[in-house]
């Protein structure tokens with residue numbers, strides 16, 4: 001054991017911190033309690049091992065292979081740096097639960113990322129990812145996955161293996177279709193796929209029995225699957241700014257729906273099933289091609305106190 005910034009840790013762990021500091025104009029601060037996050041870069045310990053490491057906007061361009069020596073690490077926060085790749089040794093962090101890599105320059109993830117079997121929260125938003133490794137499907141404990149604003153054009157089928165996932169954000173990519181395996185995410189309640197190139201949703205989306213919020217605005221959707229009506233827990237559905245010509249009659253099956261935004265599409269009418277949505281309180285339907293606006297006004301009167 002050695003002393004490093006008043007913390008007593010192993011020499012191997014201290015060497016990792018020194019390597020990260022090398023050539024930088026900052027030094028690590030020791031946080032007696034993780035969460036204090038004193039300074040730009042800090043670390044916290046438990047039982048003489050580093051369990052939390054934070055470097056925000058610290059101009060890090062590389063992570064050393066030695067990062068894999070931090071085997072008791074639970075939290076690793078590295079957002080706002082200039083990382084373009086991760087070392088394979090990151091897969092050695094078997095106890096890691098929270099990995100934050102937002103706002104870097106990452107184009108790919110190493111295959112070893114699948115070794116992080118304890119990982120529960122993973123944010124890699126605002127990067128340059130073009131693909132995800134198949135091994136992403138090995139993250140059995142992952143509950144939160146944020147892939148916002150990358151360059152992804154597809155999702156690997158293995159995404160369906162993330163059986164504990166409850167929140168998935170893929171907004172701001174170039175994804176054209178969702179894999180059928182998405183139906184395996186039975187615990188998913190938040191799904192944001194805004195601003196992609198998706199032309200249709202798979203029928204299997206109706207099997208997401210826990211889904212309460214679905215954001216699919218600013219895509220190229222031309223229709224919705226009939227199975228959409230099976231989402232009995234859905235509270236919010238945003239599908240504005242698509243290319244929808246009609247809504248399925250099954251939309252009347254969304255018995256928990258409170259907010260529906262279908263504005264800026266190509267709708268000429270609404271299905272009678274919409275009348276069944278007794279919990280609907282917020283309906284946005286403007287900027288469509290309705291043939292009979294007087295009918296729409298009467299329809300909306302029957303749904304008072306709807307806001308639109």
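Within the range 209-229, how many residues turn out to be touching a helix residue (DSSP H, G or I) at 6+ places or on another chain (Cβ under 7 Å) and either buried (at least 17 other Cβ atoms within 10 Å of the Cβ) or in a loop (DSSP other than H, G, I, E, B) (or both)?
From the range 209-229, those touching a helix residue (DSSP H, G or I) at 6+ places or on another chain (Cβ under 7 Å) are 225-229; that's our starting set.
Now drop any that are not either buried (at least 17 other Cβ atoms within 10 Å of the Cβ) or in a loop (DSSP other than H, G, I, E, B) (or both), which leaves 225, 227-229.
So the count comes out to 4.
Which number in (1) in contact with a helix residue (DSSP H, G or I) (Cβ under 7 Å, 6 or more places away or on another chain); (2) surrounded by fewer than 18 Cβ atoms within 10 Å (Cβ to Cβ); (3) under 30 Å from residue 272 (Cα atoms) marks the one condition that residue 157 misses?
Residue 157 satisfies every listed condition except (3).
Does the range 161-168 include one or more residues that are surrounded by 18 or more Cβ atoms within 10 Å (Cβ to Cβ), part of a strand (DSSP E or B) and touching a residue at least 40 places away in the same chain (Cβ under 8 Å)?
No, that holds for no residue.
Between 96, 83, 106, 63, which is touching a strand residue (DSSP E or B) at 6+ places or on another chain (Cβ under 9 Å) and either part of a loop (DSSP other than H, G, I, E, B) or without any contact (Cβ under 8 Å) to a residue 60 or more places away in the chain (or both)?
One residue alone meets the criteria, 96.
Can you tell me which residues in the range 255-269 are more than 23 Å from the chain's Cα centre (by Cα) and touching a residue at least 40 places away in the same chain (Cβ under 8 Å)?
Passing the criteria: only 256.
Of everything in the range 31-62, what is modelled with pLDDT under 90 and either farther than 18 Å from residue 93 by Cβ or touching a helix residue (DSSP H, G or I) at 6+ places or on another chain (Cβ under 7 Å) (or both)? Give them in sequence order.
Matches in the range 31-62: 31, 32, 33, 35, 36, 37, 38, 39, 40.
Those residues that are in a loop (DSSP other than H, G, I, E, B) and crowded, with 16+ Cβ neighbours inside 10 Å, I need them from the range 234-245; list them, please.
Applying the first criterion (in a loop (DSSP other than H, G, I, E, B)) to the range 234-245 yields 234-235, 239-245.
Within the range 234-245, 234, 235, 239, 240, 241, 242, 244 meet the criteria.
Within the range 115-139, how many residues turn out to be assigned to a loop (DSSP other than H, G, I, E, B) and within 17 Å of residue 90 (Cα to Cα)? If you could, list the steps in order and put the result at the bottom.
Step one: of the range 115-139, the residues assigned to a loop (DSSP other than H, G, I, E, B) are 116-120, 124-133, 139.
Keeping just the survivors that are within 17 Å of residue 90 (Cα to Cα) gives 116-120, 124, 132-133, 139.
Number satisfying all stated conditions: 9.
The values are calculated or read from the model by the stated rules, or taken from the named source; none is laboratory data. What you see is a predicted model, and the numbers here were worked out from it, not measured in a lab. No Cβ is skipped: glycine too gets one built from the backbone with ideal geometry, and neighbour counts run over all protein chains shown.
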